[in-house]
Amino acid sequence: MIHTGNKPFTCTECNKSFRWLSHLKRHQMIHMGNKPFTCTECNKSFTQLSDLKSHQRIHTGDKPYTCTECNKSFTRLSHLKSHQWIHTGEKPYTCTECNKSFTHLLTLKCHQMIHTGNKPFTCTECNKSFTLLSYLKRHQMIHTGEKPFTCTECNKRFSQLSNLKSHQRIHTGEKPFTCNECNESFIWPLELKIHQRIHTGEKPFTCIECNKSFTQLSYLKSHQMIHTGDKPFTCTECNKSFTQLSTLKYHQMIHMGNKPYTCTECTKSFIRPSELKIHQRIHTGEKPYTCNECNKSFISLPHLKSHQMIHTGNKPFTCTE
């Protein structure tokens with residue numbers, strides 16, 4: 001039947017067909033909700049013994065399948081095979097709508113929901129819908145407040161394992177995402193993506209009031225408060241108000257006298273890490289901002305912009321006297 005492609009055993013619930021009766025019976029457990037194989041460690045149940053055995057490797061730490069390219073290990077052979085496509089570049093699953101290709105069938109199916117608009121998993125708390133059950137479960141932690149993943153360094157808790165792993169890079173100093181233009185490295189891929197817009201000049205977020213564009217949505221939202229006049233964050237010491245919470249927090253350091261960022265060369269301290277970074281360029285001689293008119297370089301973008309007014313003749317500040 002393998003060679004003929006014959007699948008004589010059909011599920012009466014969903015019409016899925018199988019070559020073997022045993023495979024059909026195993027599949028039917030999904031519809032019956034029957035999960036006879038239970039993990040003695042965490043009481044999670046499974047329809048198949050093989051799934052239980054694979055799951056138990058989470059508790060034992062056993063990863064018997066190792067990639068010969070990079071030595072990364074996996075609990076399942078199927079996970080190893082999927083991983084190996086990263087090295088080969090193979091993407092065998094193609095979307096018939098837009099021809100985008102994927103390494104995993106599940107990723108293709110999730111992608112196809114973009115075209116169909118299908119979001120079958122709905123939150124009972126807020127009616128928000130999702131393409132995957134895993135996305136729904138992750139979302140539901142917002143309502144339950146559940147944060148099962150804890151950092152062993154600082155005890156900060158997270159709702160997702162991926163968020164914990166990203167957070168731990170703060171402690172290890174690992175920055176695995178590197179810009180191929182300037183070799184600057186980042187903890188998170190989103191940081192790299194935003195940084196790369198400096199090189200590409202891309203500013204995808206545009207203000208509908210004045211058409212000014214920004215590299216980040218958060219920058220646009222902060223900018224829009226200029227038009228609305230909204231300053232929701234107020235200092236309890238002096239009643240000064242700010243458009244951003246982060247700006248308020250930095251301002252409050254003035255009252256506390258707190259300057260936590262210190263230069264290792266001259267021990268000068270700063271309120272913001274960005275201020276320290278600019279200051280350190282005095283010692284390193286780095287001047288990353290260059291005028292395209294005369295090739296003069298500067299340690300900060302504001303210094304470059306001030307200089308460029310020489311070429312444009314722009315004099316924005318007028319004496320009222």
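Grab the beta carbon distance between E146 and M253, set R0 = 30 Å, and tell me the FRET efficiency rounded to 0.05. Show your work: numbers first, answer last.
Working: r = 34 Å, r/R0 = 1.13.
Once the sixth-power term is evaluated, E becomes 0.35.
Sequence-distant or interchain residues sharing an amide H contact under 5 Å with F149, placed H: which?
F158
Charges on Cβ only, +1 for Lys and Arg, -1 for Asp and Glu, centred on the Cα centroid of segment 166-321; of P273, Q196, T262, which one is farthest towards the dipole's positive end?
T262
Arrange E265, E321 by Cβ neighbour counts within 10 Å, fewest through most, would you?
Values: E265 11, E321 3.
Fewest-to-most ranking of E265, E321: E321, E265.
T236 to K296: FRET efficiency via 1/(1 + (r/R0)^6), r the Cβ-Cβ distance, R0 45 Å, to the nearest 0.05? Working shown, then result.
Working: r = 44 Å, r/R0 = 0.98.
According to the calculation, E is roughly 0.55.
Which of F149, T94, M113 sits closest to the plus end of the dipole of segment 1-152, meaning its Cα is farthest towards the positive end, when Lys and Arg get +1 and Asp and Glu get -1 on the C-beta?
T94
What lysines does K315 reach when the alpha-carbon gap must be under 30 Å and sequence neighbours fewer than 8 apart in one chain are set aside?
Cross-link targets: K203, K212, K221, K231, K240, K277, K287, K296, K305.
Can you tally the net charge around I194? Count Lys and Arg as +1, Asp and Glu as -1, for every other residue whose Cβ sits under 14 Å from the Cβ of I194.
Numbers: positive: K193, R197, K203; negative: E181, E184, E191, E202.
Net local charge, I194 excluded: -1.
Considering the options T40, T247, S78, tell which one lies farthest towards the positive end of the dipole of the chain, charges being +1 on Lys and Arg and -1 on Asp and Glu at the Cβ, about the Cα centre.
Highest projection toward the positive end goes to T40.
Relative to the present Cα-Cα distance, how much length would full extension add between T66 and C95 at 0.36 nm per residue of separation? It would help to have the intermediate numbers written out before the result.
Numbers: separation 29, 0.36 × 29 = 10.44 nm, distance 2.98 nm.
Additional length available on full extension: 7.5 nm.
Let me check I've understood the local charge: for S45, count other residues with C-beta under 13 angstrom from its C-beta, Lys and Arg +1, Asp and Glu -1. What total comes out?
On the way: positive: K35, K44; negative: E41, D51.
With Lys, Arg at +1 and Asp, Glu at -1, the net is 0.
Check cross-link reach from K249 to the aspartates and glutamates: straight Cα distance under 14 Å, and skip same-chain residues fewer than eight apart.
Correct list for K249: E237.
For the chain, what's the relative contact order in percent, using C-alpha pairs closer than 8 Å and at least 6 residues apart? Show your work: numbers first, answer last.
On the way: 327 pairs, mean separation 11.6, N = 321.
Worked out over the chain, it gives 4 percent.
In whole angstrom, note down how far apart the Cα centers of segment 250-321 and segment 22-63 are.
59
In a GNM of the chain with a 10 Å cut-off on Cα contacts, which of H139, H255, H303 has the highest mean-square fluctuation?
Sorting by GNM fluctuation, first place goes to H303.
If you place +1 on the Cβ of every Lys and Arg, -1 on the Cβ of every Asp and Glu, and leave all else neutral, what size is the dipole of segment 1-119 about its Cα centre, to the nearest 20 Debye? Working shown, then result.
Values: 17 positive and 7 negative charges, 33 e Å.
That gives a dipole near 160 debye.
Work through the residues other than Q140 whose Cβ is under 13 Å from its Cβ and net out their charges, Lys, Arg +1 and Asp, Glu -1. Write out the running numbers ahead of the final one.
Working: positive: K128, K137, R138, K147; negative: E125, E146.
The answer is +2.
From the phi angles alone, apply the Karplus equation (6.51, -1.76, 1.60; θ = phi - 60°) to segment 309-321 and give each ³J(HN,Hα) in whole Hz, x where the residue is Gly or Pro.
Calculated HN-Hα couplings, in order: 5, 4, 6, 7, x, 6, 10, x, 10, 10, 6, 7, 7 Hz.
Evaluate the charge dipole of the chain about its Cα centre and quote only its size in Debye, nearest 20, assuming +1 on the Cβ of each Lys and Arg and -1 on the Cβ of each Asp and Glu.
It works out to roughly 800 debye.
So who's got an amide H within less than 5 Å of the one on K268, skipping anything under 5 residues away but keeping other chains? H placed 1.01 Å off N, in plane.
C263
Computed FRET efficiency, Cβ-Cβ of H104 and K305, R0 56 Å: what is it to the nearest 0.05? All intermediate terms of the calculation are to be shown ahead of the outcome.
On the way: r = 46 Å, r/R0 = 0.83.
For R0 = 56 Å, the calculated efficiency reads 0.75.
Out of residues 5 or more away from K212 or on other chains, whose amide H comes under 5 Å of its own, with H placed 1.01 Å from N in the peptide plane?
Under 5 Å from the amide H of K212 lie the amide H atoms of C207, each far enough along the sequence or on another chain.
Over 24 Å between C-alpha atoms is what I'm after, so list which of K137/K165; K16/K100; K81/K109; K44/K147; K35/K137 land there.
Numbers: K137/K165 19 Å; K16/K100 26 Å; K81/K109 19 Å; K44/K147 19 Å; K35/K137 20 Å.
Over 24 Å apart, Cα to Cα: K16/K100.
Pop a pseudo-label 7 angstrom from the Cα along the beta-carbon direction at both T262 and E41 and give the gap in nm to one decimal.
Here the modelled spin labels are 4.5 nm apart.
What list of ³J(HN,Hα) couplings, whole Hz, do you get for segment 126-138 from phi and the Karplus terms 6.51, -1.76, 1.60, once you set θ to phi - 60° and write x for glycine and proline?
10, 6, 6, 10, 9, 7, 10, 4, 4, 5, 4, 4, 5
None of the figures in this text is laboratory data; all of them are computed from the coordinates on show. In this text, all values refer to a predicted model and were calculated from it rather than measured experimentally. Every residue, glycine among them, receives a Cβ derived from its backbone with ideal geometry; neighbour counts consider all protein chains shown.
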